[in-house]
Amino acid sequence: MEKREALYSGKAKSVYRTDDPDRFVLLFRDDTSAFDGEKKEQLARKGMVNNRFNAFIMEKLEAAGIPTHFEKVLSPVESLVKKLDMFPVECVVRNYAAGSLCRRLGVEEGQALQPPTFELFLKNDELHDPMINESLAETFGWAGADDLAQMKALTYKVNEVLKKLFDDAGMLLVDYKLEFGRFNGQIVLGDEFSPDGCRIWDKETRKKMDKDRFRQGLGEVIEAYEEVGRRLGIQFD
């Protein structure tokens, strides 16, 4: 597989074309940002940790029958993925109240949510990823009704798998975002799953073990990511 020119560079990842028109190389960088890029740093080992973390989670989901774009790890910071036609929406599941949900609704952080909530957000940095609903997504052509139904069903299936995985490792999977695309007509999980895109707390102490450590200036960000990984059984170099 020949890595070619860069196609896209986001806040923490870059995407490269390959000699296969249906495959991309996903590069995980050490860059870290929050608050729509207002806070930025480079954190040593982050790219490697997130690449390995994402591979582990994607393999767990594939084993549970959830189609993903992940194919294989190519290097400590690179993975080979399928080229997806991405939907411009994020699917967010919340198992416990935290973050913007608390600010919007005035609910207490840490409240268990039964059943878990499902929300849609438009991927648009200039508009700060506004919350939308299924009607808006259909009206503006961001996703069709059948697409949304499949994404929602897959999101809840992901939640069943991962909520138990984290619980068995002594952690709470508080909330997270997922992105989907289409590959050969099939809706497939894309982007990444790492502590950058979810909230993870220790089950007993409620210690934050995710990107909130960076947002809130708590320190030991990558150390927390690695602790999460080790509890799940991930081996880091």
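Within the range 1-28, how many residues are farther than 15 Å from residue 83 by Cα, crowded, with 17+ Cβ neighbours inside 10 Å and touching a Ser or Thr at 6+ places or on another chain (Cβ under 7 Å)? Qualifying residue count, the range 1-28: 1. Please determine whether any residue of the range 202-214 is under 30 Å from residue 42 (Cα atoms) and either outside the structural domain of residue 94 (by TED's automatic domain parsing) or among the polar types (S, T, N, Q) (or both). Yes, there is a match, as at least one residue in the range 202-214 is under 30 Å from residue 42 (Cα atoms) and either outside the structural domain of residue 94 (by TED's automatic domain parsing) or among the polar types (S, T, N, Q) (or both). Among the residues of the range 136-187, those that are aromatic (Phe, Trp, Tyr) and in contact with a Cys (Cβ under 8 Å, 6 or more places away or on another chain) comprise 176, 180.
When 58, 86, 1 are checked against the criterion of being closer than 24 Å to residue 226 by Cα, among the hydrophobic types (A, V, I, L, M, F, W, C) and touching a strand residue (DSSP E or B) at 6+ places or on another chain (Cβ under 9 Å), 58 stands alone in meeting it. Among the candidates 137, 143, 149, 153, the residue that is in contact (Cβ under 8 Å) with a residue 24 or more places away in the chain, of a type in the set (Gly, Ala, Ser), more than 25 Å from residue 226 (Cα to Cα) and not in a loop (DSSP other than H, G, I, E, B) is uniquely 137.
Reported count of residues in the range 119-134, each being part of a helix (DSSP H, G or I) and without any contact (Cβ under 8 Å) to a residue 60 or more places away in the chain, is 3.
Per this entry, residue 131 is not counted among residues that are touching an Asp or Glu at 6+ places or on another chain (Cβ under 9 Å), surrounded by fewer than 19 Cβ atoms within 10 Å (Cβ to Cβ) and closer than 30 Å to residue 2 by Cα.
Somewhere in the range 51-64, is a residue more than 28 Å from residue 233 (Cα to Cα) and buried (at least 19 other Cβ atoms within 10 Å of the Cβ)?
no
The residues of the range 221-237 that are surrounded by 12 or more Cβ atoms within 10 Å (Cβ to Cβ), farther than 13 Å from residue 54 by Cβ and not β-branched (Val, Ile, Thr), listed by number, are 223, 224, 226, 227, 230, 231.
Go through the range 79-92 residue by residue and tally those that are free of Cβ contacts under 8 Å to residues at least 60 places away in the same chain and part of a strand (DSSP E or B).
1
The values are calculated or read from the model by the stated rules, or taken from the named source; none is laboratory data. Please read these numbers as outputs of a predicted model, since none were measured by experiment. Cβ sites come from the backbone with ideal geometry, for glycine too, and all protein chains shown count toward neighbours.
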